[in-house]
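Read-outs throughout are calculated quantities, based only on the coordinates presented, and are distinct from any laboratory measurement. Model, not experiment: these values are computed from the prediction. Here the Cβ is made from the backbone with ideal geometry for all residues, glycine too, and neighbour counts use every protein chain on show.
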Amino acid sequence: MDFQARLEALTHLLRPWSPLWSRSILQGWPESGAAYPEDWLAYARSLDEAGERRLDQGVLVGVPPPSLGALLGALQELTALPWHEGIHPLTVAQTQGLSAKKTHELERVLALLAPRTRFIHHAVDIGGGMGHLARLCARTFGWTFHSIDRDAALQDKGRRWLTRTNTPVRDTLCFIQASVEDGFQPLIDPLFSGLDRASIGLHTCGPLALTQLRKSQGAGFVLNIGCCYDKLEVPRDYPVSGFGGAHPLPFTPHALALTTRGRHHKTEVEFARMKRVYAWRFAFDLLAKRHFPERGFVRAGDASRTLYDGPFAVYALDRMERLGLDPGMTDAELNAFEVSFRAETRELLLCHLLRDRFARALEVVLLLDRAILLEELGFQVELLQLFDPRLSPRNLALIALRSA
Ligand SMILES: C[S@@+](CC[C@H](N)C(=O)[O-])C[C@H]1O[C@@H](n2cnc3c(N)ncnc32)[C@H](O)[C@@H]1O
């Protein structure tokens, strides 16, 4: 794939819409809503529940405004990435105690590694947790493997797992408890260097992915799957490639948070739940603005599931108490407030559904920038979809092979 051409086209498409994707709708409301074209909003208002759900999946039913149709079509084309095909089936014994998600991921990672790593003898996993990938690679490929994680308790659990299951890799698998940081780390850095060494990072949070890439410049093979892009800092962590620097987008913390929300396949129940969570949050925000304007934007924070299932009043009182606020309203008044603001909270929902269309594209921009960085460092690079997004939504794998 021509990563540079793809990045240039995507940034060109996204830049004019930055007032939509770079700002928080809720924090800037109602001014933030003014960034949304009136014909987009009129179309979104006309949708029924099924139509809203289709919009959430990136599908426009009925007669959408031409500019929205054209934008979504172009975004779909430019975010399409090839899939890695094939799995390495694991036995029941090998997956003992693993979640369906973890098993799904490991079966695909092993299948991806097998044909690409014939020259590899040693590997390191950054943020390796309990060492499941490490023990499977050590067993399947005969590599010596260092699994690094800063969480000693997780690694202890991993050691106990090996003992309990009598897994015969104890000589070739080594847990290292350490925090991997940018800058010189004499005990760790050599593990990332050598043409017969693979550097692996599975769901490396935020900037840890970039630390891995920087440390792996001398590795023969690199696999990185990122996550938690909201933990990145701009400009430190984006753009990271020279080419990306010449084609930057105005990423903000709100835009980074949006990249972690790209999730295509919500079930009907998940979509209904999301709508309820939004409805309660938005109504709470309007309530707080009205009664406590001096507090500015107050964060409702994550509430327990049951609070979203019950009446608005119970949710609102719980959140108010947490924030040390007292609206002096009865349950009936709070519930009536929510009902009377439904038109406005729906408008907020529709803006969110429209803004979410940018999530995957922004995530792809971050990964194209990283792919180009690896090319600039002399690697041959692939960017593939590896996991089923329903199970593991951060499913994009960066694969880099040292060019001969
Ligand atoms: C999202 S988990 C992924 C774990 C595992 N790779 C997986 O896919 O299941 C991230 C892991 O990275 C570890 N971690 C985060 N920052 C780290 C750092 N700077 N150095 C070492 N480990 C780190 C955490 O303790 C955690 O176990």
For the range 70-111, state what percent of all Cα-Cα pairs lands in each successive 10 Å bin, counting from 0 Å until the bin that includes the largest distance. 25, 32, 20, 17, 5
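Per DSSP H run of at least 4 residues, take -39500 (n - 2.57); add these up for the chain, divide by its residues and hand me the 222 nm value, nearest 500 deg cm²/dmol.
Taken over the chain, the calculation gives -14500 deg cm²/dmol.
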Using a cut-off of 14 Å between beta-carbons, work out the net charge of the residues near T345 (Lys and Arg +1, Asp and Glu -1, T345 not included). +3
Considering the dipole of the chain built from charges on the beta carbon (Lys and Arg +1, Asp and Glu -1) around the Cα centre, which of H265, A50, S32 is farthest to its positive end? H265
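Using a Förster distance of 35 Å, how high is the FRET efficiency between Q27 and A5, based on the Cβ-Cβ distance and rounded to 0.05?
Working: r = 35 Å, r/R0 = 1.01.
About 0.50, to the nearest 0.05.
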Just flag the chymotrypsin sites (Phe, Trp or Tyr not before Pro) in the range 268-346 sitting in loop per DSSP whose Cβ has no more than 16 other Cβ atoms within 10 Å. F297
Using r as the Cβ-Cβ distance of V63 and A178, and R0 as 41 Å, what FRET efficiency do you calculate, to the nearest 0.05? 0.10
Please compute the net charge surrounding F243, taking Lys and Arg as +1 and Asp and Glu as -1 over other residues with Cβ under 10 Å from its Cβ. -4
From the residues A134, L249, Y278, which one has its Cα farthest along the dipole of the chain in the positive direction, the dipole being from +1 and -1 charges on Cβ of Lys/Arg and Asp/Glu about the Cα centre? A134
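What order do you get for I372, I176 when you list them from fewest to most C-beta neighbours inside 10 Å? Numbers along the way, then the final one.
Details: I372 23, I176 17.
Lowest count first: I176, I372.
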Size of the chain as Cα extents on the principal axes (Å, biggest first): 67, 47, 38
Reachable lysines, given that their alpha-carbon falls under 21 Å from the alpha-carbon of K102 and they are not under 8 places away in the same chain: K157, K266
Find, among the GluC sites (Glu not before Pro) in the range 1-93, those assigned to loop by DSSP (not H, G, I, E, B) with at most 12 other beta-carbon atoms within 10 angstrom. E85
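State whether the range 198-325 is rounded, prolate or oblate according to the following rule on the C-alpha gyration tensor (a ≥ b ≥ c being the square roots of its eigenvalues): a/c under 1.5 gives rounded; otherwise a/b larger than b/c gives prolate, and the remaining case gives oblate.
Values: a/c = 2.93, a/b = 2.06, b/c = 1.42.
Prolate.
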Order by protection proxy (mean Cβ within 10 Å, highest first), peptides 190-199, 131-140: 131-140, 190-199
Taking a ≥ b ≥ c as the square roots of the Cα gyration tensor eigenvalues, with a/c under 1.5 meaning rounded and otherwise prolate when a/b beats b/c, else oblate, which class fits the range 147-192? oblate
Relative to the chain, whose Cα atoms define the longest principal axis, helix 3-14 and its Cα axis are tilted in degrees, nearest 10, by 10 degrees
Does the range 180-232 come out rounded, prolate or oblate, given a ≥ b ≥ c as the square roots of the eigenvalues of its C-alpha gyration tensor, rounded meaning a/c under 1.5 and, failing that, prolate meaning a/b above b/c? oblate
Pop out the ³J(HN,Hα) list for the range 219-228 in order, Karplus 6.51 cos²θ - 1.76 cosθ + 1.60 with θ = phi - 60°, rounded to Hz; leave Gly and Pro as x. 7, x, 8, 10, 10, 9, 10, x, 6, 6
Nearest-0.05 FRET efficiency for R322 and W83, computed from C-beta distance (R0 45 Å): 0.55
Kirkwood radius from Cα pairs of the range 43-197 plugged into Stokes-Einstein at 37 °C, 0.692 mPa s, gives D in µm²/s equal to 173 µm²/s
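I'd like the projected area of the range 286-404, averaged over all directions, using the convex hull of its alpha carbons. Report it in nm² with one decimal. Could you put the intermediate results ahead of the total?
Numbers: hull surface 44.3 nm².
Averaged projected area of the range 286-404's Cα convex hull equals 11.1 nm².
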Could you tally the net charge around A219, taking each other residue with its Cβ under 14 Å from the Cβ of A219, Lys/Arg +1 and Asp/Glu -1? +2
